[in-house]
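For reference, the structure is listed below as structure tokens.
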Amino acid sequence: GAVVSQHPSRVICKSGTSVKIECRSLDFQATTMFWYRQFPKQSLMLMATSNEGSKATYEQGVEKDKFLINHASLTLSTLTVTSAHPEDSSFYICSARDPQGVQPQHFGDGTRLSIL
Amino acid sequence: AQSVTQLDSHVSVSEGTPVLLRCNYSSSYSPSLFWYVQHPNKGLQLLLKYTSAATLVKGINGFEAEFKKSETSFHLTKPSAHMSDAAEYFCVVSDTGTASKLTFGTGTRLQVTL
């Protein structure tokens with residue numbers, strides 16, 4: 001079945017560092033990918049919708065200059081957290097829209113980001 | 001606008017006893033409804049989905065859910081809990097008019113005890 005790979009699974013870095021997270025669709029083309037943020041013991045909050053070849057659509061309250069999204073190919077979207085600070089520490093999950101429509105989205109395993 | 005309310009943040013059951021995780025939804029369109037499971041530090045796995053076909057939906061691992069329009073509910077059940085069912089469960093709604101944009105409930109943590 002459709003698989004989404006997210007890398008890295010865990011990142012620990014110093015405050016002020018920029019961190020890039022990759023989301024790949026392994027066996028299908030994903031024209032649309034989604035980025036979510038999940039705080040401890042809370043639900044997933046949609047940050048942005050990433051469309052291949054065009055600018056991402058950000059949800060209200062999400063800083064586009066802070067969370068840079070690039071979707072340059074049909075199988076790869078990246079999220080870069082720029083100049084990360086401790087409050088950016090969170091669990092970030094990507095997903096890709098299912099081209100077959102069996103389910104709405106296929107999810108990656110997430111990235112645990114810890115900013116010291 | 002669409003929304004989902006999961007009525008219980010935490011449910012604890014004994015192994016071998018039934019599971020009931022409650023979900024109510026609100027949607028302007030004919031909704032599609034889903035239940036996802038999340039194990040610690042993992043992404044989400046689809047358990048089952050309702051998309052206007054049969055109102056009783058069977059999913060993986062023995063789970064099922066019944067769509068009740070009159071009650072705007074989509075509760076998740078399983079006849080007999082297993083230790084491996086311990087996880088976070090999310091009820092999710094998607095309006096057919098919003099191109100698969102998903103709205104998540106706040107989640108229910110299922111604890112299974114011996």
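The values are calculated or read from the model by the stated rules, or taken from the named source; none is laboratory data. Given the structure is predicted, the values throughout are model-derived calculations rather than measurements. So basically every Cβ, Gly included, is an ideal-geometry build from the backbone, and we count neighbours across all protein chains shown.
Restricting to region A:1-26, name every residue that is in contact with a Ser or Thr (Cβ under 9 Å, 6 or more places away or on another chain) and under 15 Å from A:Arg97 (Cα atoms).
A:Ala2, A:Val3, A:Val4, A:Ser5, A:Gln6, A:Cys23, A:Arg24, A:Ser25, A:Leu26
Please specify each residue of region B:1-45 satisfying the condition of being of a type in the set (D, E, K, R) and farther than 30 Å from A:Arg24 by Cβ. Passing the criteria: B:Asp8, B:Glu15, B:Arg22.
Testing B:Phe67 on (1) without any contact (Cβ under 8 Å) to a residue 24 or more places away in the chain; (2) away from chain A (no Cβ under 14 Å), one condition comes back false. Which one is that? Status for B:Phe67: all satisfied but (1). For region B:21-63, residues that are over 30 Å from A:Pro8 (Cα atoms) and under 9 Å from the mean Cα position of the chain (by Cα) total 4.
Residue-by-condition table, conditions (1) in contact (Cβ under 8 Å) with a residue 24 or more places away in the chain; (2) more than 27 Å from A:Tyr92 (Cβ to Cβ); (3) touching a Pro at 6+ places or on another chain (Cβ under 9 Å):
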| position | (1), (2), (3) |
| --- | --- |
| B:Ser30 | yes, yes, no |
| B:Lys42 | no, no, no |
| B:Leu56 | no, yes, no |
| B:Ala86 | yes, no, no |
| B:Gly107 | yes, no, no |
| B:Leu114 | yes, yes, no |
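Restricted to region B:69-84, and to residues there that are out of contact with any helix residue (DSSP H, G or I) (no Cβ under 9 Å at 6 or more places or on another chain) and exposed (fewer than 13 other Cβ atoms within 10 Å of the Cβ), the residue that is modelled with the highest pLDDT is B:Met83.
All conditions but one from (1) without any contact (Cβ under 8 Å) to a residue 60 or more places away in the chain; (2) more than 18 Å from B:Tyr36 (Cα to Cα) apply to A:Gln42; the one that does not is (2). Considering only chain A, give the strands (runs of 3 or more DSSP E) lying wholly within it that have at least 2 residues that are within 14 Å of another protein chain (Cβ to nearest Cβ). Correct list: A:4-7, A:10-13, A:19-25, A:32-38, A:44-51, A:90-97, A:105-107, A:111-115.
I'm trying to understand the selection: among the residues of region B:22-35, which are surrounded by fewer than 19 Cβ atoms within 10 Å (Cβ to Cβ) and touching a strand residue (DSSP E or B) at 6+ places or on another chain (Cβ under 7 Å)? Within region B:22-35, B:Arg22, B:Asn24, B:Ser26, B:Ser28, B:Tyr29 meet the criteria.
Residues of region A:59-70 that are surrounded by fewer than 18 Cβ atoms within 10 Å (Cβ to Cβ), on the phi < 0 side of the Ramachandran plot and not basic (Lys, Arg): A:Glu59, A:Gln60, A:Val62, A:Glu63, A:Asp65, A:Leu68, A:Asn70. Is it fair to say B:Ala87 is touching a strand residue (DSSP E or B) at 6+ places or on another chain (Cβ under 9 Å), modelled with pLDDT under 95 and within 21 Å of A:Gln103 (Cα to Cα)? When the stated conditions are applied, B:Ala87 does not pass them.
For region A:91-116, name all the residues that are surrounded by fewer than 21 Cβ atoms within 10 Å (Cβ to Cβ) and among the hydroxyl-bearing types (Ser, Thr, Tyr). Passing the criteria: only A:Ser114.
Each row is one residue, and each column tells you yes or no for (1) part of a strand (DSSP E or B); (2) surrounded by fewer than 19 Cβ atoms within 10 Å (Cβ to Cβ); (3) within 14 Å of chain A (Cβ to nearest Cβ).
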{"residue": "B:Leu20", "(1), (2), (3)": "yes, yes, no"}
{"residue": "B:Val37", "(1), (2), (3)": "yes, no, yes"}
{"residue": "B:Asn41", "(1), (2), (3)": "no, yes, yes"}
{"residue": "B:Leu48", "(1), (2), (3)": "yes, no, yes"}
{"residue": "B:Ala53", "(1), (2), (3)": "no, yes, yes"}
{"residue": "B:Val57", "(1), (2), (3)": "yes, no, yes"}
{"residue": "B:Asn61", "(1), (2), (3)": "no, yes, no"}
{"residue": "B:Val93", "(1), (2), (3)": "yes, no, yes"}
{"residue": "B:Thr106", "(1), (2), (3)": "no, yes, yes"}
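Filtered by the rule that a residue be assigned to a strand (DSSP E or B) and farther than 22 Å from A:His106 by Cβ, region B:65-82 gives B:Glu66, B:Phe67, B:Lys68, B:Ser73, B:His75, B:Thr77, B:Lys78.
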